[in-house]
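Contents: one structure, followed by commentary.
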Amino acid sequence: MSFEDLGLAPFLLRALAEQGYENPTPVQEQAIPLVLQGHDLLAGAQTGTGKTAAFGLPLLQHLATSAQEVRGGARRPRALILTPTRELATQVHDSLRGYSKYLRIPSTCIYGGVGMGNQLDILRRGVDLLVACPGRLIDHMERRSVDLSGIEVLVLDEADRMLDMGFLPSIKRILAKLPKQNRQTLLFSATFADPIKQLALEFMRSPREVMVTPRNTVAETIAHRVHPVDAGRKRELLLHLLAQESREQTLVFAKTKHGSDKLATFLDKSGIKTAAIHGNKSQSQRLRALGDFKAGRVTVLVATDIAARGIDINELPKVINYDLPMVAEDYVHRIGRTGRNGASGQAISLVAQEDAKYLRQIVRLLDRDMDIRDVPGFEPQTPIRWGNSAPGKAEQPGGERPPRRGGGGRGGQRDAAPGPRRGGAAAKSAAPRGEGGGPRREAQPAGTGRRRRGGRGRGKPAQPSSAP
């Protein structure tokens with residue numbers, strides 16, 4: 001199926017063709033026709049599935065082909081897209097500007113962390129399309145610098161993350177200012193927990209549902225590796241791993257803002273060009289760090305989970321979990337930034353004894369094996385106690401036994417492209433014992449080491465993708 005088959009207008013098809021997009025991803029294939037027909041939509045789509053184009057293309061077509069109601073000579077926003085973070089807001093706005101290359105649709109992106117002067121000037125001149133973070137939008141509502149009474153299309157992007165970040169009261173406050181009649185609402189979320197369903201019931205009209213990405217899937221071209229280490233030697237081990245591939249771009253996840261800064265300073269002083277990105281950084285600092293990372297001026301970016309939302313890098317070879325996430329689902333979001341479009345990627349986790357419980361949760365969530373191997377010279381003084389039972393296995397005695405020796409691991413499941421498609425592989429690996437654009441390439445971590453088997457599923461070799 002092509003984009004033309006979905007009913008998109010020539011001005012959008014031309015822009016897509018110039019960007020090299022030929023075939024829609026599954027979420028685009030299912031969502032675009034429904035949105036073009038005017039239905040409200042509940043869409044289950046994770047980062048990397050092409051969801052921005054799934055709501056953005058039909059939204060732009062609506063704005064370009066339907067008349068605007070002008071009241072009092074002022075141009076009011078006709079479409080509102082709410083996102084949880086500044087980075088994601090900027091990314092969405094940039095994508096829509098690219099798709100609307102041959103349209104004249106005034107738009108702007110508003111978020112906190114920067115002065116309001118420029119935003120006030122743009123809103124005063126008037127826009128059709130507004131991409132916003134809830135907090136800053138509330139600020140403008142209180143100043144009466146934005147009029148939301150003309151909104152025809154509302155998009156909630158990454159609704160689950162907005163609720164996780166405590167934006168529910170702000171979202172309801174914004175919704176109260178939107179027209180209730182003749183408004184189309186599109187909600188995109190990686191998961192459909194009860195709060196999401198309740199929110200949908202409150203403000204959507206008979207929404208159609210699209211669920212194209214199974215929950216918590218990761219790219220099958222990602223190799224998952226765990227390095228046991230004493231907590232006090234994590235920093236040394238990270239430096240050792242980065243020094244081996246000193247020119248390889250790597251995204252490192254830390255647990256706290258302060259920890260991110262300390263780690264970035266340590267690595268930079270050790271000779272590795274590093275930047276940090278987190279919520280305490282100003283918007284200009286965050287954009288500069290992200291720009292330097294994408295351009296290769298720094299090779300390592302240390303980030304917290306919240307700040308990393310919206311980071312979209314097509315060919316990122318490696319993600320390192322310096323600290324494991326306390327919520328297992330965040331592991332999926334983190335490593336989803338590597339192994340895209342059939343490229344191989346590595347997801348490496350440094351695990352001390354206090355992290356073992358988080359690793360057990362991740363293994364149980366993904367139901368897959370992970371390769372556990374010691375790094376010579378950094379073996380933990382006391383073997384890590386993984387637990388007494390492996391997911392999907394019978395209870396086993398001897399939970400303190402070290403993992404069995406074995407080869408390297410690779411594994412995973414299919415992940416869709418991050419945008420419209422531009423047109424891989426699982427094998428044996430192992431996990432800790434815990435409680436309960438082209439053809440794909442195989443991810444082959446080098447070397448062998450100790451590993452322990454866990455999880456029910458082993459990946460199967462992937463078939464070459466038919467996408468261009």
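The values are calculated or read from the model by the stated rules, or taken from the named source; none is laboratory data. As the structure is a prediction and not an experimental result, all values here were calculated from the model. Methodologically, a virtual Cβ is constructed for each residue, glycine included, from the backbone with ideal geometry; neighbour enumeration extends over all protein chains shown.
Among residues of region 11-42 being under 13 Å from Met1 (Cβ atoms) and of a type in the set (D, E, K, R), the one that is surrounded by the fewest Cβ atoms within 10 Å (Cβ to Cβ) is Glu22.
Residues in region 30-59 that are of a type outside the set (A, V, I, L, M) and over 20 Å from the mean Cα position of the chain (by Cα): Gln30, Pro33, Gln37, Gly38, His39, Asp40, Pro58.
Taking the condition at pLDDT 85 or above and either in a loop (DSSP other than H, G, I, E, B) or surrounded by fewer than 21 Cβ atoms within 10 Å (Cβ to Cβ) (or both), does Lys197 pass?
no
The condition of being basic (Lys, Arg) and closer than 30 Å to Arg297 by Cα holds for only one of Lys197, Lys172, Lys180, Lys255, that being Lys255.
Checking each residue of region 12-23 against the condition of being part of a helix (DSSP H, G or I), in the same structural domain as Leu154 (by TED's automatic domain parsing) and not hydrophobic (A, V, I, L, M, F, W, C) gives at least one match.
Counting just the residues of region 349-365 that are crowded, with 24+ Cβ neighbours inside 10 Å and hydrophobic (A, V, I, L, M, F, W, C), which one comes out nearest to Gln249 (Cα to Cα)? Among them, the one singled out is Leu350.
Just a yes or no: is a residue in region 233-250 among the hydroxyl-bearing types (Ser, Thr, Tyr) and either at pLDDT below 85 or in contact with a Gly (Cβ under 6 Å, 6 or more places away or on another chain) (or both)? The answer is yes; a qualifying residue exists.
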